[in-house]
Amino acid sequence: MKEIPFYKPSIDENEKLLINEVLELSGSSKVLELEQGFSSYIGCKHSISTCNGTAAMHLAMCALDLKRGDKIICSVNSFPTIAEVVRHFDAEPIFVDIDKEDFNIDINALEKALEKNDHKKLKGIYVTHVAGQIANLDIIYKLALRFNVKVIEDASYALGGSYKGKKIGSTGSDITNFRFTPQMTNPIASAGIMVTEDEELKDRATLLRNHAIVNDGWDKHGNLGYVYDVVDIGMKYDLNELNAAFALAQLKKNDKFIERRLAIASIYDKELKNCPHVKIPVKKSDHTYDQYIIKIDKNRDGFAKELKEKGIYTSLHFVPLHLLSYYKNKYHLRVNDFPNALSNYQQILSLPIYIGLSNEEVYYICQSIKGIAKNRV
């Protein structure tokens, strides 16, 4: 029986070469190379690397000086990290329902949430690009301007994606967060990046990233400025050279990753278009297909189990936040409070889609899905 993992990283000589340079203490700083290379790739002014994606999100909230009682609006269909970093400030995440077709935040529901929470404590909108499909940023920016709030993007699944000719991270948001290898629970290496055009946000994030320590560094004669000061409450979120080396090699291959995923998505689209009980993704905007999410109209869990029996591993993106125990109990949320997210959650299933997946394996996945669907009444 074939065994097809949900995700498998692409590792070749490029990763090994850059990692060996670090181990041999040769070459330039891979952290600086990554930050400079990322800014060049995205087309943004400032890239601040972090030890992982969650650190980048938390650092973004620190840079915005989020405080107790502040509010951040976000989609109820996002990974728990967004609400989590907001709660670490004893601030409040305000959940909004989703568009049933593209899984991104519902614009009408967002506007209503902004109107309901229009107060000086409302600080921002956290936008998630689910599966790599870009949200409607034009309208979001107009709403943000109208209600005088910041826009922060979670682009964990949208690295390399574009909106109206500009790469995500350079379209006008105040802060955009990225992370490498987002599909892996236990990644080989971790890295996150926060990008911004704002000089003050960059300076504050850079300061807080390493304990908020300031010193004189090295003088022109090579003497260490060993006297330092701490000017705020900081963290230890800076990226080490080994993880930077791995991330740099992955960044250089990102366009190839996207190209291959688009090719796989095209096969899925064609093969599963008329498959009974299965609905393929609705493409409304630029899509990097970091995930390929289908809908199963009957017994999604049973469908996934049958695929696993054929050696095909799948995943689920995401469990709506209002169904998670902490948020459900903390904010007294009901199951039916977000009907679109609930309806989708009962049907969605993410299929394997990555550069190492062969066409033969993709067709095997499609045939398996069609075979299971055919036997359903």
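Here's the list of lysines a cross-link from Lys45 could span, going by alpha-carbon distance under 22 Å and ignoring same-chain residues fewer than 8 apart: Lys30, Lys150, Lys164, Lys166, Lys167, Lys202, Lys252, Lys253. Please find, in a Gaussian network model of the chain (springs between Cα atoms separated by less than 10 Å), the residue of Val22, Val231, Val319 whose mean-square fluctuation is greatest. Highest fluctuation of the listed residues: Val231. Stretching the chain fully between Glu101 and Glu84 yields a gain of 3.5 nm (0.36 nm per residue, less the alpha carbon separation). Here's how it looks for Ile348: its modeled amide H is under 5 Å from those of Ile296, which are all 5 or more places away or on a different chain. Close amide-amide hydrogen proximity is noted between Val127 and Ile152, Glu153, Asp154, each under 5 Å apart and 5 or more residues distant or on a separate chain (H modeled in the peptide plane; Pro and chain starts excluded).
From Cα pairs below 8 angstrom and at least 6 apart in sequence, can you work out the relative contact order of segment 254-374, rounded to a whole percent?
For segment 254-374, the relative contact order is 36 percent.
For Lys298, the lysines whose Cα comes closer than 22 Å to its Cα, not counting residues fewer than 8 places off in the same chain, are Lys100, Lys270, Lys273, Lys279, Lys308, Lys310, Lys370, Lys374. Coupling constants for segment 19-34 follow from the phi torsions by the Karplus curve (6.51 cos²θ - 1.76 cosθ + 1.60, θ = phi - 60°), and in residue order they are 5, 5, 4, 5, 5, 8, 6, 10, x, 7, 5, 6, 5, 5, 4, 5 Hz; glycine and proline get x.
In order along segment 147-163, the phi-based Karplus estimate (6.51 cos²θ - 1.76 cosθ + 1.60, θ = phi - 60°) of 3J(HN,Hα) comes to 9, 6, 10, 7, 10, 10, 10, 9, 9, 3, 10, 10, 4, x, x, 10, 9 Hz; Gly and Pro are listed as x. Take every Cα pair under 8 Å whose residues are at least 6 apart in sequence, average their separation, divide by the length of the chain, and the relative contact order is 23 percent. For Leu122, the residues 5 or more places off, or on other chains, whose built amide H falls under 5 Å of its own are Lys71. By the gyration tensor of its Cα atoms, with a ≥ b ≥ c the square roots of the eigenvalues, what is the shape of segment 254-374: rounded for a/c under 1.5, prolate for a/b over b/c, or oblate? Judged from the Cα gyration tensor, segment 254-374 comes out prolate (a/c at least 1.5, a/b above b/c).
Spacing of the modelled spin labels on Lys45 and Asn215, each 7 Å from Cα toward Cβ, amounts to 2.9 nm. With the highest mean first, a sort of the peptides 83-90, 114-121, 49-56 on other beta-carbon atoms found within 10 angstrom per residue produces 49-56, 83-90, 114-121. Which of Ile233, Ile94, Ile140 moves the most in a Gaussian network model of the chain with Cα springs under 10 Å? With Cα springs under 10 Å in the chain, the top fluctuation among Ile233, Ile94, Ile140 is at Ile233.
Return the single residue from Ser28, Ser358, Ser47 with maximal mean-square fluctuation; model: Gaussian network over the chain, springs between Cα atoms under 10 Å. Comparing Ser28, Ser358, Ser47 in the GNM, the peak value goes to Ser28. Rounded to the nearest 20, the Cβ-based charge dipole of the chain about its Cα centre (Lys and Arg +1, Asp and Glu -1) stands at 1460 debye. Since only His88, Ala56, Asn104 are under comparison, the one whose Cα sits farthest along the positive direction of the charge dipole of segment 1-151, derived from C-beta charges on Lys, Arg, Asp and Glu, is His88.
Sorted largest first, the principal axis extents computed over the alpha-carbon atoms of segment 65-112 equal 34, 22, 13 Å. Here r is the Cβ-Cβ distance between Ile11 and Glu199 and R0 is 51 Å; the resulting FRET efficiency, rounded to 0.05, is 0.90. Here the simple spin-label model places points 7 Å from the Cα toward Cβ, and for Leu23 and Arg68 these points are separated by 4.9 nm. Here the calculated FRET efficiency for Lys370 and Tyr331, from their Cβ-Cβ distance with R0 = 35 Å, stands at 0.25, rounded to the nearest 0.05. Placing R0 at 22 angstrom, the Cβ-Cβ distance between Ile139 and Ser343 gives a FRET efficiency of 0.45 after rounding to 0.05. Shown in residue order for segment 86-95 are the 3J(HN,Hα) couplings computed by the Karplus curve 6.51 cos²θ - 1.76 cosθ + 1.60 at θ = phi - 60°: 5, 5, 5, 9, 6, 8, 10, x, 9, 7 Hz (x for Gly and Pro).
What shape does the chain take by its C-alpha gyration tensor, where a ≥ b ≥ c are the square roots of the eigenvalues and a/c under 1.5 counts as rounded, a/b above b/c as prolate, and the rest as oblate? Note, shape of the chain comes out oblate.
Every read-out reported here was derived from the displayed coordinates using simple, explicitly stated rules and does not represent laboratory data. Bear in mind that the values here come from a model prediction, so they are computed numbers and not experimental data. Don't worry about glycine lacking a Cβ; one is built from the backbone with ideal geometry, like all the others, and counts go over all protein chains shown.
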